[in-house]
Amino acid sequence: MATWFVQHCTQNSLLPARQSPYRPHFSTETALLIVHNDIIRAVDRGDLVPLVLLDLSAAFDTVDHGCLLSVLERRFCVEGDALEWFKSYLSDRSQTYIAGQDSHGPVSVSCSVPQGSVLGPIKFTAYTEDVTELISAYELSYHLFADDKQLYMAVRSSIACRLSASGVLHQRPAAVVCVSTAAPKRVQD
């Protein structure tokens, strides 16, 4: 099923071009080379490149099964027997917690994808791939690697110098905007 899903996504260009893991011919090396190349080219032009590295904590545990199935159906055109297979894969899951001699469970699980499985990471990638639309809306460059995201932007050094001279770069922001991929936005057809 994992091979079929990756082939389906590849043939239909459903995954972001700048998403490296769990795909043929993409790796940590390609992610590093792409980001490094973009930054070096900007620096060679005389630009500054602020880089933000995001790593979601317990990211695989935040995947809501209902939302994931909706994303697979609407965004990835998974339907029929394939969708039913994904539903059965996610249904009736439970966890038991063990600490020393104490155990608690089993507890029904309606969120998370099995991280150690072949399908878990691919499902997480599908679940969060629409974050690229949000990133692109702010005209940022990016690269995604599972739950890691690198956001960056080339800034003319003259603009950065003016901002620094005016004190803007040394002030605390008036507001902080938090963006979470844990609750995916709905994708409309």
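Return the pairs, sorted by first residue and then second, in which the second residue is surrounded by 13 or more Cβ atoms within 10 Å (Cβ to Cβ), the first residue lies in segment 25-48 and is among the hydroxyl-bearing types (Ser, Thr, Tyr), the beta carbons are less than 6 Å apart, and the residues are 6+ apart or on different chains.
THR30/SER20
Mind counting the residues in segment 88-110 that are within 22 Å of the chain's Cα centre (by Cα) and of a type outside the set (Gly, Ala, Ser)?
Count: 3.
Output yes when any residue across segment 111-130 is modelled with pLDDT of 85 or more, of a type in the set (Gly, Ala, Ser) and more than 14 Å from the chain's Cα centre (by Cα), and no when none is.
So far as segment 111-130 goes, no, none of its residues is modelled with pLDDT of 85 or more, of a type in the set (Gly, Ala, Ser) and more than 14 Å from the chain's Cα centre (by Cα).
For segment 1-34, give me each residue that is touching a Ser or Thr at 6+ places or on another chain (Cβ under 6 Å), more than 23 Å from VAL78 (Cβ to Cβ) and hydroxyl-bearing (Ser, Thr, Tyr).
Once the filter is applied, which keeps residues that are touching a Ser or Thr at 6+ places or on another chain (Cβ under 6 Å), more than 23 Å from VAL78 (Cβ to Cβ) and hydroxyl-bearing (Ser, Thr, Tyr), segment 1-34 yields only THR30.
Considering every residue within segment 78-97, establish whether at least one is among the basic types (Lys, Arg), exposed (fewer than 15 other Cβ atoms within 10 Å of the Cβ) and out of contact with any Leu (no Cβ under 7 Å at 6 or more places or on another chain).
Scanning segment 78-97 turns up no residue that is among the basic types (Lys, Arg), exposed (fewer than 15 other Cβ atoms within 10 Å of the Cβ) and out of contact with any Leu (no Cβ under 7 Å at 6 or more places or on another chain).
Can you tell me how many residues within segment 118-148 are outside any helix (DSSP H, G or I), buried (at least 17 other Cβ atoms within 10 Å of the Cβ) and in contact with a Phe, Trp or Tyr (Cβ under 8 Å, 6 or more places away or on another chain)?
Qualifying residue count for the region: 4.
Taking segment 98-117, which residues are open to solvent by 70 Å² or more (accessible area, probe 1.4 Å) and among the hydroxyl-bearing types (Ser, Thr, Tyr)?
Listed by number, the residues that qualify are SER103, SER108, SER110.
For segment 1-18, give me each residue that is loosely packed, with under 14 Cβ neighbours inside 10 Å and either among the aliphatic types (A, V, I, L, M) or touching a strand residue (DSSP E or B) at 6+ places or on another chain (Cβ under 8 Å) (or both).
MET1, ALA17
Restricting the search to segment 5-24, which residues are touching a residue at least 60 places away in the same chain (Cβ under 8 Å) and more than 14 Å from THR125 (Cβ to Cβ)?
Selection gives ASN12 alone.
Of the residues in segment 19-53, how many are surrounded by 15 or more Cβ atoms within 10 Å (Cβ to Cβ), at pLDDT 80 or above and either charged (D, E, K, R) or under 19 Å from the mean Cα position of the chain (by Cα) (or both)?
6
The values are calculated or read from the model by the stated rules, or taken from the named source; none is laboratory data. A quick note: this is a predicted structure, and the numbers were derived from the prediction, not measured. Every residue, glycine as well, gets a Cβ built from its backbone with ideal geometry; the counts of neighbours run over all protein chains shown. Heavy atoms of the whole protein, side chains included, go into the accessibility calculation; ligands, DNA and RNA do not. Shrake-Rupley method; radii C 1.70, N 1.55, O 1.52, S 1.80 Å.
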